[in-house]
Amino acid sequence: MSTKPVLYYSPRSPPCRAVLLTAAAIGVELDLRLTNLKEKEHLTPEFLKLNPQHTIPVLDDNGTVVTDSHVISAYLADKYSPDETLYPKDKLKRMEVDSRLYYDAGHLFPRVRLMVEPVIYFGADNIEQHKLITCTWRTMAWRSVSPIPHTCVVRI
């Protein structure tokens with residue numbers, strides 16, 4: 001068994017990159033295991049034993065298996081960080097960090113994924129305007145902020 005935590009990842013995946021950034025920020029060295037989604041490596045029996053949801057990233061820390069980038073980042077910070085700057089022990093401060101992580105998981109990332117997935121994974125050369133407007137509108141409406149006019153939406 002590896003002495004370093006093993007991260008199953010893909011460099012194309014923003015959640016995987018978030019875990020890599022967290023590990024780098026706290027100085028944790030990971031044993032990186034590239035997982036090729038196009039080759040369906042995340043659907044092999046071995047991988048499904050680690051994560052039946054067949055998603056990446058997955059962290060295996062000497063038998064402790066952690067899934068979801070937000071949970072992995074919190075786990076790494078909790079276990080390996082020399083201080084509390086990323087994930088505080090104080091319950092109120094941690095609640096604030098958790099609320100932002102959950103907002104990202106439930107609201108921001110799904111909308112960003114809807115917009116950019118065709119570019120990252122399927123070779124599209126632009127983001128469809130209606131997706132950009134819809135995603136911006138839904139994100140802002142959830143936050144109870146008046147939506148900006150369509151002409152003000154930043155074009156990518």
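Values in this text are rule-based calculations from the coordinates and carry no lab data. Keep in mind it's a predicted model, so treat the numbers as computed, not measured. So basically every Cβ, Gly included, is an ideal-geometry build from the backbone, and we count neighbours across all protein chains shown.
Send over the per residue convex hull volume for segment 56-125, Cα only, as a whole number of Å³.
113
Amide H to amide H, which residues 5 or more places from D61 or on other chains are under 5 Å from it, using H placed in the peptide plane?
V6, V66
What is the ratio of the Cα radius of gyration of segment 6-80 to 2.2 N^0.38 Å, where N is its residue count, to two decimals?
The value comes to 1.01.
List the GluC sites (Glu not before Pro) within segment 1-81 that DSSP assigns to loop and that have no more than 10 neighbouring Cβ atoms inside 10 Å.
Of the GluC sites (Glu not before Pro), the ones in loops of segment 1-81 whose Cβ has at most 10 other Cβ atoms within 10 Å are E39.
Want the number for R12 to L114: 0.36 nm per residue separation, take away the alpha-carbon distance, what's left?
That pair, R12 and L114, stretches by 35.2 nm at full extension.
With both bridge residues required to lie in segment 1-98, what share of the DSSP beta bridges run antiparallel, to the nearest 5%?
Counting DSSP beta bridges with both partners in segment 1-98, the antiparallel share is about 65 percent.
For K89, go through the lysines and keep the ones whose alpha-carbon is under 19 Å away, minus same-chain ones fewer than eight residues off.
Excluding near neighbours in sequence, the set is K79.
Suppose R0 equals 41 Å. What FRET efficiency, 1/(1 + (r/R0)^6) with r the Cβ-Cβ distance, do L21 and K49 give to the nearest 0.05?
0.90
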